[in-house]
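Heads up: the structure comes next, in structure tokens.
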Amino acid sequence: RKTAVWLHGNGVTLADLARSGLIQSLSDALQYEIVCPDYGNARSAHGRNLDTLQVLHAQDVIKHVVNNAAAPIDVFGRSLGAAIALRAVSESDHDVAKQIQHVHLVSPFSSLDALLPQWALRCGIVTSNRYNSLQAVSERLMGHTNLSVYHGTDDVLIPPSHANALSVARQSSGWPSSCNTVDEIDGMTHDPLPFARQLVNKIQARCNQK
């Protein structure tokens with residue numbers, strides 16, 4: 001069986017995913033073994049900020065999975081997990097990155113700055129330049145890695161325009177992959193769990209496209 005890593009978001013925890021059956025349904029449909037790390041209790045240490053700890057944790061898991069997999073792997077991320085996935089993959093060592101065949105992003109944001117109030121950024125109340133996914137897909141993601149984005153049409157927390165911006169950035173990167181797609185899921189909000197079947201079907205179609 002092929003192996004994948006799923007990086008969850010803030011609002012939907014591993015417990016939520018387990019209760020919903022989304023990961024099991026995805027595993028059954030794709031015949032993948034899916035590893036789901038939990039970084040929800042990460043805390044700052046040794047002068048590193050929380051963002052860096054989350055990315056380092058994800059990279060450790062991805063490297064372990066790559067080293068123990070018989071074939072190239074896929075990486076999934078949802079919401080904040082999508083940003084962590086992009087940073088973890090795009091900043092991985094070359095030997096790891098070349099074994100990542102496909103990155104799947106569910107309800108991603110183009111950059112965290114785009115979601116935060118501009119006055120808060122200007123006043124320094126929140127830290128700017130965190131999780132710039134546009135930069136990751138346009139400057140760092142390896143050319144062979146396929147990129148598929150899935151977004152709900154009714155997502156008001158992170159509008160679908162973020163997904164389209166990521167796709168455009170990837171197409172303009174000079175390193176276009178063989179698969180660079182955006183799929184909108186009609187009626188889906190930022191919570192994918194009520195639309196698990198539709199999401200799994202879209203992901204399965206993109207995996208079969210390779």
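No other residue among V156, V182, V149, V200 is within 30 Å of R19 (Cβ to Cβ), over 18 Å from the mean Cα position of the chain (by Cα) and among the β-branched types (V, I, T) apart from V156. Within the stretch 51-59, the presence of at least one residue that is open to solvent by 30 Å² or more (accessible area, probe 1.4 Å) and of a type in the set (S, T, Y) is confirmed. Does the stretch 178-208 hold any residues that are in a loop (DSSP other than H, G, I, E, B) and of a type in the set (G, A, S), and which are they? Result: S178, G187. If I filter the stretch 151-194 down to residues being closer than 18 Å to L26 by Cα and modelled with pLDDT under 95, which single residue comes out as least open to solvent (accessible area, probe 1.4 Å)? Within the stretch 151-194, the match that is least open to solvent (accessible area, probe 1.4 Å) is P192. Sub-9 Å Cβ pairs linking a first residue in the stretch 90-103 that is more than 12 Å from V66 (Cα to Cα) and in a helix (DSSP H, G or I) to a second residue that is open to solvent by 60 Å² or more (accessible area, probe 1.4 Å) and not hydroxyl-bearing (S, T, Y), at least 6 apart or interchain, are S90/Q135; S90/E139; S90/R140, ordered by first then second residue. Considering the stretch 106-134 alone, what residues qualify as being open to solvent by less than 30 Å² (accessible area, probe 1.4 Å), assigned to a loop (DSSP other than H, G, I, E, B) and at pLDDT below 65? Answer for the stretch 106-134, where residues must be open to solvent by less than 30 Å² (accessible area, probe 1.4 Å), assigned to a loop (DSSP other than H, G, I, E, B) and at pLDDT below 65: there is none.
The values are calculated or read from the model by the stated rules, or taken from the named source; none is laboratory data. Remember, predicted model here, so these are calculated numbers, not experimental data. So basically every Cβ, Gly included, is an ideal-geometry build from the backbone, and we count neighbours across all protein chains shown. Remember, those area values only see protein heavy atoms, side chains included, never the ligands or the DNA or RNA. Shrake-Rupley method; radii C 1.70, N 1.55, O 1.52, S 1.80 Å.
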